[in-house]
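J.: Below you will find the structure I want to go over with you.
What follows is calculated from the coordinates using simple rules that are stated; it is not laboratory data. Everything numeric here is computed off the predicted structure, so don't read it as measured data. Neighbour counts are summed over all protein chains in view; Cβ atoms, including those assigned to glycine, are modelled from backbone coordinates with ideal geometry.
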Amino acid sequence: MTQIKRLLTFALVLGCNTGTVQASTYTFSAFDDPNATRGTYATGLNNNGVVTGYFSDGTGDHGFTDANGTYTTLDDPNAVPSLGALGNGTHALAINSGGQVVGEYFKATGGGHGFLYDGGTYTTIDVPGASIGTAALSINAGGEIVGLYQGASGTIHGFTYTAGTYTTLDDPNALTGLNNGTFLTGINASGEIAGSYNDAGGEHGFVYSGGAFTTIDDPNATQGTYVTGINDLGWLIGTYTDNNSNHGFVYENGVFTTLDYPSAIAGVIAPGYSNGTLGYGINTSGLVSGNFIDAGGRHGFLATPSNVPLPSALYLFGSAIAAFFGMKQQKHSKPFIAG
């Protein structure tokens with residue numbers, strides 16, 4: 001994997017939030033963990049371009065990180081891989097800029113458990129009262145963790161974990177009962193939280209910021225919207241399901257952009273799962289990670305934006321300065337390309 005630094009002053013982007021001039025377009029590149037024999041799932045990436053996820057082989061599932069083409073396998077020592085089981089082995093699900101990884105692991109019995117991997121040490125993350133299971137789904141630069149847990153009632157609850165303290169966070173619109181509820185799937189450096197919930201109308205994404213929940217529905221969705229991540233600029237990544245397949249999307253300053261890997265097989269077995277393109281991670285360069293199924297199986301992908309959209313006020317100001325000095329505005333390189 002070759003990394004190309006984008007020559008963009010992020011301080012300017014962070015300092016202006018007045019809408020974009022043009023939605024990004026994306027170039028796709030697929031990759032597979034070299035140990036994978038049954039599929040690769042790319043679930044997250046950090047601002048340094050390090051990808052995390054998990055792969056399947058003849059023994060079960062194993063987490064991995066991919067730093068510029070160098071793959072490292074992550075197996076929680078408490079995990080018990082079990083080939084063919086719905087939940088098996090270790091799933092690395094997110095990574096922050098400090099290299100801390102969170103995810104879930106499975107034993108033969110007792111459901112799933114969250115974990116934090118930090119500098120070679122694994123720490124189990126189990127929400128008190130989570131009799132069915134816990135999954136740690138995202139971690140920000142400050143080490144704040146979000147995820148989900150399921151108690152005896154079967155309702156799924158979101159949680160935050162900060163400085164040793166667990167706090168339940170549920171979207172007020174979410175249904176309760178077996179396998180219903182709230183999923184917290186992303187947290188950025190500002191503490192904004194992204195996730196999904198289900199109600200009588202189906203699946204919806206949301207952002208939680210300043211104590212308020214805002215529902216996010218892709219306008220193309222007919223069977224559900226799932227928000228799976230948020231970057232430090234507040235851009236969202238996720239998946240929506242229509243009547244034909246699953247599609248990744250980026251939600252950037254009010255604009256939805258669909259992500260479909262060119263060779264992905266369409267079709268829907270269950271909303272939000274299986275065929276099509278699934279979006280999972282997004283960093284501050286706008287680089288996206290996800291996975292798709294083609295005739296050869298499940299693969300990870302990176303989607304690289306062709307441009308970093310500038311806020312409109314900043315763009316107009318920059319254009320005026322450029323015109324005054326007779327300067328030509330330049331486009332910037334891709335952050336990196338897998339290959």
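J.: Peptides 133-146, 278-291, 176-189: what's the order by average Cβ count within 10 Å, highest mean first?
T.: Ranked by mean Cβ neighbours within 10 Å, highest first: 278-291, 133-146, 176-189.
J.: Moving to a separate point now. Taking 0.36 nm per residue of sequence separation and subtracting the Cα-Cα distance, how much length would be gained by fully extending the chain between Asp118 and Thr215, in nm to one decimal?
T.: Stretched out fully, the Asp118 to Thr215 stretch lengthens by 31.6 nm.
J.: In nm, what is the difference between 0.36 nm times the number of residues separating Ser190 and Thr168 and their Cα-Cα distance?
T.: Contour length minus Cα-Cα distance gives 6.0 nm.
J.: I would also like to ask the following. Of the listed peptides 229-240, 292-303, what is their order by residue-averaged count of other C-beta atoms within 10 Å, with the highest listed first?
T.: For the peptides 229-240, 292-303, the packing ranking is 229-240, 292-303.
J.: Could you sort 68-79, 249-260, 35-46 so that the peptide with the highest average Cβ count within 10 Å comes first and the rest follow in order?
T.: The most tightly packed comes first, giving 35-46, 249-260, 68-79.
J.: Between Ser97 and Ser82, what is the label-to-label distance in nm when each label sits 7 Å out along the Cα-to-Cβ direction?
T.: 4.0
J.: Between Asn48 and Asn307, what length comes free when the chain is fully extended (0.36 nm per residue of separation minus the Cα-Cα distance, one decimal in nm)?
T.: Fully extending the segment from Asn48 to Asn307 adds 91.5 nm.
J.: Please state the Cα pair-distance histogram of region 141-212 with 10 angstrom bins from zero: what percent is in each bin?
T.: Each 10 Å bin holds this share of Cα pairs: 21, 54, 23, 3.
J.: Convert 37 °C to kelvin, take the viscosity as 0.692 mPa s, use the Kirkwood radius over C-alpha pairs of region 22-309 as Rh, and evaluate the Stokes-Einstein diffusion coefficient in µm²/s, rounded to a whole number.
T.: Rounded to a whole number, D works out at 178 µm²/s.
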